[in-house]
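Comments concern the structure below.
The values are calculated or read from the model by the stated rules, or taken from the named source; none is laboratory data. Given the structure is predicted, the values throughout are model-derived calculations rather than measurements. So basically every Cβ, Gly included, is an ideal-geometry build from the backbone, and we count neighbours across all protein chains shown. These area figures cover heavy atoms from the full protein model, side chains too; ligands, DNA and RNA do not enter into them. Shrake-Rupley method; radii C 1.70, N 1.55, O 1.52, S 1.80 Å.
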Amino acid sequence: MDPLWAQWWVWGIAAVTLGVGEVLLPSYVLLGFGIGAGLVAILLLIGVPVAASWTVLALVFAIASLASWLALRRWLGVHHGQVKTFDHDIND
């Protein structure tokens with residue numbers, strides 16, 4: 001039997017938990033981790049041999065999480081020129 005960290009359903013539960021955590025604490029950080037965990041779960045489910053060792057699996061998770069966080073930041077983040085500044089007091 002594979003160790004617990006090599007089971008696809010463990011990563012799937014982690015992805016769902018992180019997704020729910022993102023709803024409760026919106027910052028796109030947990031969503032990036034959730035997408036990374038979901039990708040690892042899918043890779044393990046379809047049988048891609050990423051679970052050869054814990055370090056390989058953790059590296060795939062880290063790279064997928066970072067890439068998804070950067071993509072979310074670019075897609076949903078603050079764009080240049082979007083912040084409005086005020087030069088005067090509105091009560092004057």
Any pair with Cβ under 8 angstrom, 6 or more apart, that starts in segment 40-54 at a residue that is touching a residue at least 24 places away in the same chain (Cβ under 8 Å) and under 16 Å from Leu4 (Cβ atoms) and ends at one that is open to solvent by 90 Å² or more (accessible area, probe 1.4 Å) and in a loop (DSSP other than H, G, I, E, B)
Ala51/Asp2
For segment 33-92: of the residues being touching a helix residue (DSSP H, G or I) at 6+ places or on another chain (Cβ under 7 Å) and part of a loop (DSSP other than H, G, I, E, B), which is modelled with the highest pLDDT?
Val50
Taking the criterion of being in contact with a Gly (Cβ under 9 Å, 6 or more places away or on another chain), surrounded by 14 or more Cβ atoms within 10 Å (Cβ to Cβ) and either modelled with pLDDT under 85 or on the phi < 0 side of the Ramachandran plot (or both), would at least one residue in segment 20-27 satisfy it?
yes
